Structures are given as structure tokens and as C-alpha cells.
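The structure under discussion appears below in the form of C-alpha cells.
The values are calculated or read from the model by the stated rules, or taken from the named source; none is laboratory data. Because the structure is predicted, anything quoted here is derived from the model rather than measured. Glycine also receives a Cβ, built like all others from the backbone with ideal geometry; neighbour counts cover every protein chain displayed. Surface accessibility is based on the protein's heavy atoms, side chains included, excluding ligands, DNA and RNA. Shrake-Rupley method; radii C 1.70, N 1.55, O 1.52, S 1.80 Å.
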Amino acid sequence: VDIHALLIVALTLSPVTASAKSEENAAREDVYPPLWDLAPENLLDFQIKNSKIVINAWNYLERLGVYKNLLNSSVKYFTTFGAQNFGNILWGLPLQHGWQFRTGRLADPSNMTSCGHEDGDLLCISVRSWWSCMNYYLAVIPFLGAVEAGLFGQLQYEIEILPPEEQRADFCYSVADCRSRIPGLMDDWKAYFEYLLSTEHKAMNPVTFSSFELDHALGLMWKAHVASIAYTLPKFQDRLKHLCDTEANFGEDWANGVDFIAATHFCTDLPTTNNFQAFLPQRMLVEGDILPSISDFSPQQNRVLLSLRALHKTNRLTGGLLLKLWQKAMSTEAGRKRGRKLIEDLASS
């Protein structure tokens with residue numbers, strides 16, 4: 001097997017771009033997720049009830065606030081990577097969540113409720129949305145892992161996440177609850193935040209100075225990210241029935257694509273994520289959207305969707321071999337650097 005040829009296939013199909021900017025993104029001055037300034041920025045800004053900090057993760061602003069607290073509490077680890085915390089690699093998560101909100105992907109796709117729709121509660125996150133449920137495990141679980149790791153220090157209150165109105169058994173709601181139900185995922189996210197905390201302690205020792213390694217941090221973060229998706233994909237298969245085939249396929253294609261992106265330790269800081277997200281569809285897909293000629297999408301957006309589809313199909317046809325070969329080639333820092341460079345070159349050509 002010519003691994004190089006397979007790599008080129010995977011790279012040619014890969015959607016990632018870190019350097020190309022679309023006009024749409026350049027024109028959009030606001031680099032933050034929608035309504036970022038309104039999200040709670042301190043844990044004590046959430047409701048406090050019966051000596052517990054109570055968070056409604058089914059409200060967009062409160063789920064966004066979970067991310068904001070994670071970013072605010074990890075600023076010091078990323079000061080050497082640019083001003084305003086823009087170099088923090090956790091930006092990928094809230095920016096992706098903001099894209100989901102802006103494009104209507106968090107609203108009730110069954111239209112049985114007005115949750116998330118303009119004629120109802122726009123800030124409502126629907127438990128019937130596949131995107132919402134998948135994202136819960138990339139918001140609440142990282143947050144609770146960070147709490148457990150000690151990112152927020154010794155908290156005087158316990159943290160409780162409110163359940164949705166239905167399908168409550170699909171989620172966990174506190175550090176202890178999640179630890180008992182999904183110990184592996186909690187361990188993965190906790191490990192990322194424990195690594196950040198460990199570098200701070202070592203930095204206090206003048207001999208080692210700063211021991212923070214961006215590649216190692218990215219490796220831990222992506223390991224947890226990929227594990228979250230692997231756990232949630234089969235779990236929320238039933239939510240795809242609320243979506244039309246084109247949107248459902250895109251969701252699964254995107255989840256598969258993340259595995260390839262993760263292997264390169266793609267840097268999910270604020271500018272890189274924003275440049276990349278401009279190539280994602282800016283509305284939900286509907287029946288009748290035919291790739292690669294969706295008229296209200298840019299040529300790049302059409303190409304990205306087609307590439308994701310082809311990458312997913314090829315990986316499935318090879319029984320996952322394409323991803324395994326890709327991961328093998330990305331197993332060294334030199335390989336990952338080459339992978340990122342090839343992706344950037346292909347995307348911006």
C-alpha cells in the first residue's frame with residue numbers, strides 16, 4: 001500500500017484550512033460567538049440555589065457561559081500565544097457552538113416545539129437536536145472535567161446541571177454523576193486540564209521555567225474531543241431521524257472529518273478556527289441541496305461538503321483503514337506538521 005498516495009487522497013479530500021480566508025469571514029467583524037458578551041463570565045454569575053451553582057445547559061447563553069468560564073480560567077497558560085487569550089486552544093469549542101446557534105442547528109428540528117425558533121424562545125437549546133446533544137458532551141463534560149481537575153480552585157459550591165425536559169437519561173448532571181456514568185470521558189478531559197495545571201507548578205521552579213508544550217496540550221485536548229464524539233455518535237443516532245437526509249449525512253460526515261483533523265493536532269485557537277469555520281455551511285441543509293452545486297453556498301463551501309462526504313465514504317469503504325493510515329502518518333510531530341502544511345496548501349490553492 002502506498003501510504004503517501006493514501007495520504008494525498010485523504011489530504012485532497014480534507015476540508016481543513018488554517019490560512020485561507022473567505023470574504024464572508026473577513027467581512028464579519030465580530031470574531032466571537034454570537035452574544036458572547038452576554039454569557040456569564042464568572043461561576044458566581046450563574047444561579048446559586050441550596051448551596052449549589054445551578055447551570056441550565058439547555059439555554060444557549062448559559063452553555064456559552066460554561067465555555068467562557070473555561071477560557072477565562074485558562075488564560076494564564078496561553079499568554080505566550082498572543083494577546084486577549086486568542087491563542088487559547090479551547091476557542092474551537094465555543095466557536096463551533098456559536099456556528100451551530102447562528103445556523104439554526106440547536107433549534108427543535110422536528111418543529112414539535114418552538115424551542116430555538118424565532119417565534120419561540122430563540123435561546124432555547126433543543127434536546128431533539130442531534131447537534132445540541134452531541135455538543136453537550138463537548139461542553140458540560142469538559143467543564144465538569146475541569147472542575148474535577150481543580151481548574152477553578154476549591155469551589156465553595158457544588159455544581160449542578162439542569163436536565164432537559166425529556167430524554168433525561170441521555171445525560172449526566174454533576175461531577176459525581178458523570179464520573180460514575182462515563183469515567184473514561186471524564187478522565188480524558190480531566191487529563192487535559194491537569195496538564196495545564198501541572199505546567200503552572202513546574203513554571204514556578206526556575207530550573208524548568210515554563211514546561212508548557214502546545215503540541216502535547218493539543219494532543220490531550222483532541223484525544224478527549226475524539227473520545228466524546230466516539231461515545232455520542234451511536235448514542236444519538238436516533239436524533240438524526242428529525243433531520244433531512246442531506247443534513248443528517250453532513251452531520252455524520254463532519255463527525256468523521258473531525259477524526260482526521262484531530263490526528264494533525266490542528267490548532268483550535270480563535271483566528272484559526274474562525275478562518276476554518278467560514279467554509280462550513282451557514283444554514284442547515286435541506287432536501288434538494290445537491291452537492292457540489294448548492295447555489296447559495298460559495299464554491300469553497302460546496303467543495304468542503306463534497307470533500308467531507310468523499311472522505312467519510314472512502315474511510316467507510318476501507319473499513320476505517322484510511323483513518324488508521326492517516327493517524328500512523330501523523331504519529332510524529334514532523335508528520336503532523338507536514339499534514340497541517342499539506343492541508344493549508346491544498347485548501348488555499
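Has the stretch 300-311 got any residue that is closer than 24 Å to residue 214 by Cβ and either modelled with pLDDT under 95 or in the same structural domain as residue 104 (by the TED database) (or both)? So far as the stretch 300-311 goes, no, none of its residues is closer than 24 Å to residue 214 by Cβ and either modelled with pLDDT under 95 or in the same structural domain as residue 104 (by the TED database) (or both). Among all positions in the stretch 27-37, there is no residue which is modelled with pLDDT under 95, closer than 21 Å to residue 339 by Cβ and in a loop (DSSP other than H, G, I, E, B).
Which of the residues that make up the stretch 83-120 are at positive phi and more than 21 Å from the chain's Cα centre (by Cα)? Matches in the stretch 83-120: 111 only.
One residue alone among 144, 155 is outside any strand (DSSP E or B) and open to solvent by 20 Å² or more (accessible area, probe 1.4 Å), and that residue is 155. Filtered by the rule that a residue be within 16 Å of residue 255 (Cα to Cα) and open to solvent by 40 Å² or more (accessible area, probe 1.4 Å), the stretch 298-313 gives 306, 309, 313. Cβ-Cβ contacts under 7 Å between residues 6 or more apart (or on different chains), taken from a first residue in the stretch 324-337 that is open to solvent by 20 Å² or more (accessible area, probe 1.4 Å) to a second residue that is in a loop (DSSP other than H, G, I, E, B), are listed as 336/264; 336/265; 336/330. Only one entry of 98, 82 meets the criterion of being in contact (Cβ under 8 Å) with a residue 40 or more places away in the chain, touching a Pro at 6+ places or on another chain (Cβ under 7 Å) and in the same structural domain as residue 43 (by the TED database), and that entry is 98. Taking residues in the stretch 180-200 that are modelled with pLDDT under 95, and partners anywhere that are part of a helix (DSSP H, G or I) and open to solvent by less than 30 Å² (accessible area, probe 1.4 Å), the pairs with Cβ atoms closer than 9 Å and at least 6 places apart or on different chains are 199/77; 199/217; 200/77.
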